[in-house]
Amino acid sequence: MKKLLILAATLFCCLTNLTCQDINGRVYCCDPTINRGIVDNLPTIRQMDRSQWLKLREDYKIPAYRAFNPEQKHELWKGKFVEVKKLPWTKAELEHINKAIKWVEARLFIWSSGKSTDEELNELDLFFTKWTIEAEEKLNWDKRVAIALFQTPDRVLDTKGTLEITKTGLILKPISKASIEDPGLEVDTTDIDFPPDTTDIYNPDKDLKCHCTDQVFFDGCGTNTCDSHWINCKIVKNGCGWMDGYDCNGLCSTP
């Protein structure tokens, strides 16, 4: 009987834990409105630099990042690294951060337009797991600092890992609602909700849309864990985990 229950639950997850699909196979977000806005504004998005990306409302940032070309993604992270190194770290902390930056810059697959292999993603997680544990033991860091530094391109405001979260900002409108002179960007002042206990890292694919990955040891879910086995959420490619390189395949569990 127990085996039958496990099998039934497994089949349920296989049937309901689906990949988001929309607009000729181009999926940047499980929210159809945001996805439509991204698809309709790809020329604008692919001209964005870091300063423009940071002005996007938080729920548009990762979908826009997914639409970036490899060079844009690289430049976005390089800009973050410059900002991070200007914060008042100790000498030991800065050396530890530079170690990770040097390692990342040597891994071209991180910026590739193709999907990373399992071996590459395992290598990425192994490095950052060891790097984070070393920071906890030698620098007395909370894991949230490491996650804020290398699991989101968002700006880090201090050495505690506080992120600059844009609750109100620019959104990308579907072209059908935008004038010819307007590239589809407008300011929206509506506050957005955040999933529970996610180390302040916001992913728009919430409310049964996967917003974390269980493929990394430190999953960005704070004191909770990323659950992909017993939940029903729609998987979206990339945008989670270290360097946003992993598929979002789960939800942060609640106590």
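The values are calculated or read from the model by the stated rules, or taken from the named source; none is laboratory data. Every value quoted in this text rests on a predicted model; they were computed, and no experiment measured them. Cβ placement follows ideal geometry from the backbone for every residue including glycine, while neighbour counts extend to all protein chains displayed. These accessible areas exclude ligands, DNA and RNA; they are computed on the full protein's heavy atoms, side chains included. Shrake-Rupley method; radii C 1.70, N 1.55, O 1.52, S 1.80 Å.
Odds and ends about this structure:
- Flag if Trp89 is buried (at least 19 other Cβ atoms within 10 Å of the Cβ), part of a loop (DSSP other than H, G, I, E, B) and either over 18 Å from the mean Cα position of the chain (by Cα) or not hydrophobic (A, V, I, L, M, F, W, C) (or both): no
- Elements of type helices (runs of 4 or more DSSP H) in segment 1-55, at least 2 residues being charged (D, E, K, R) and modelled with pLDDT of 60 or more: 32-40
- Residue within segment 117-135 that is open to solvent by 70 Å² or more (accessible area, probe 1.4 Å) and more than 16 Å from Val216 (Cα to Cα) present: no
- Residues that are loosely packed, with under 14 Cβ neighbours inside 10 Å, under 25 Å from Arg66 (Cα atoms) and of a type in the set (D, E, K, R), drawn from segment 136-179: Glu164, Lys177
- Meets criteria (out of contact with any Lys or Arg (no Cβ under 9 Å at 6 or more places or on another chain) and either under 22 Å from Gly239 (Cβ atoms) or modelled with pLDDT of 75 or more (or both)) for Thr152: no
- Of all residues in segment 222-244, those that are farther than 23 Å from Val104 by Cα and in a loop (DSSP other than H, G, I, E, B) have Cβ atoms under 6 Å from Cβ atoms of residues that are at pLDDT 80 or above and acidic (Asp, Glu), 6 or more apart or on another chain, in Ser228/Asp214.
- Selection from segment 103-116 of residues that are surrounded by fewer than 16 Cβ atoms within 10 Å (Cβ to Cβ), touching a helix residue (DSSP H, G or I) at 6+ places or on another chain (Cβ under 7 Å) and among the small types (Gly, Ala, Ser): Ser112, Ser113
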